[in-house]
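Structure first, then comments.
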Amino acid sequence: MTAVHTPTAADSGASASANFRSTTRSSLDVSPERVSTVVTAVLQGVHEAIRVHDVTYPEFQAAKQWLMDLGEGGEWPLFLDVFVEHVVEEVAARTQDGTKGSILGPYYLPDQQRLPSVTTLPARPDEQGDALVFSGQVTDLDGKPLSGAELDIWHADSQGYYSGFAPDIPAGNLRGVVVTDSEGRFEITTVQPAPYQIPHEGPTGQMIDAAGWHPWRPAHLHLIVRAPGHRTITTQLYFAGGEYVDSDVAEAVKPELVLTPAEGRAVYHFVLEAT
Ligand code: MBD
Ligand code: FE
């Protein structure tokens, strides 16, 4: 028997914080008018909740303590991506055509191994889980195949853990950048991911617990699909009939993004709009 290290909130939610800082440029030139408009609206929403629900001093101080814990635990990216990002994506989607997008989430890592159109994702020699063959085609809005398109794919393992955010999983495991063939096609062999549970030791999990909600996302594949001259799509794909597909804690499921696998094979057609 080998010792199994159970990933904790500090291992995943917090490392998402370090990842965000190292990969995201967050300086943005915003006018004072824009800052005032949005910040005022956010504060008004908070003030209104306090008035409507008669929030007390002990509750206010408990909220302050929790917010401090959230920051100190490095869980702001986890919390924001689970509870807020879906609305930012919804607004962005208003002007988008082609395959539906979904949230990026906290566990994307850039610069993964480039892989040919027919490939197997990097996995441990004893990688657990049912085999999944995910294939399809990338085209433009007119159905013209996009050769050399990139499918940057990452997903959790059969226990729901992501490489880079849990101990004892090799770097790059179940991640890769797959390049489509001359007909825009790809065929990726991997394992079926498990549903993802928000780590319950940290402040995000504690809040979910305190509210009596469930901490689960349905099993999903993450994808960023890129092709020159086309708008990059960030999305996720789910599995019909899977647990939590109808109750995703992150509210990031769209009906167009649900795969119906048959005998371990799932097919999806990505459509990119020209820029
Ligand atoms: C995930 O795996 C995820 O995809 C999101 C959006 C939030 C937390 C964990
Ligand atoms: Fe995820």
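The table below lists the values:
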{"quantity": "Spatially proximal lysines relative to Lys100 (Cα-Cα < 28 Å; intrachain offsets below 8 disregarded)", "calculated": "Lys144, Lys254"}
{"quantity": "The chain: angle of helix 57-72 to the longest principal axis, Cα-based, in degrees nearest 10", "calculated": "40"}
{"quantity": "The chain: most fluctuating residue of Val38, Val82, Val179 per GNM, C-alpha cutoff 10 Å", "calculated": "Val38"}
{"quantity": "Full-stretch length increase - Ser147, Val258 - with 0.36 nm per residue and alpha-carbon distance subtracted", "calculated": "37.5 nm"}
{"quantity": "Efficiency of FRET between Arg34 and Ala240 - r from beta-carbon atoms, R0 35 angstrom, step 0.05", "calculated": "0.25"}
{"quantity": "Extended-chain gain in nm, criterion 0.36 nm per residue less alpha-carbon gap, Thr56 and Asp181", "calculated": "38.9 nm"}
{"quantity": "Candidates Asp81, Asp126, Asp248, ranked by Gaussian network fluctuation over the chain, Cα under 10 Å, top entry", "calculated": "Asp126"}
{"quantity": "Cβ-based exposure ranking for Ser182, Ser102, in which fewest neighbours within 10 Å come first", "calculated": "Ser182, Ser102"}
{"quantity": "Folded to 0 to 90 degrees: helix 32-52 orientation relative to the chain principal axis, Cα", "calculated": "60"}
{"quantity": "Options Val91, Leu67, Pro218, ranked by Cα towards positive dipole end of the chain, top entry (Cβ charges)", "calculated": "Val91"}
{"quantity": "Most mobile of Ala166, Ala211, Ala16 in a GNM of the chain (Cα contacts under 10 Å)", "calculated": "Ala211"}
{"quantity": "Fewest-first sequence of His200, His222, His155 by Cβ atoms within 10 Å of each Cβ", "calculated": "His200, His222, His155"}
{"quantity": "Computed [θ] at 222 nm, helices only, for the chain once each DSSP H run of length n ≥ 4 contributes -39500 (n - 2.57)", "calculated": "-9000 deg cm²/dmol"}
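Quick note: the coordinates plus some simple rules give every number you see, no bench work behind them. None of the values given here were measured: they were computed from a predicted structure. Quick reminder, even Gly has a Cβ in these numbers, built from the backbone with ideal geometry, and neighbours come from all protein chains shown.
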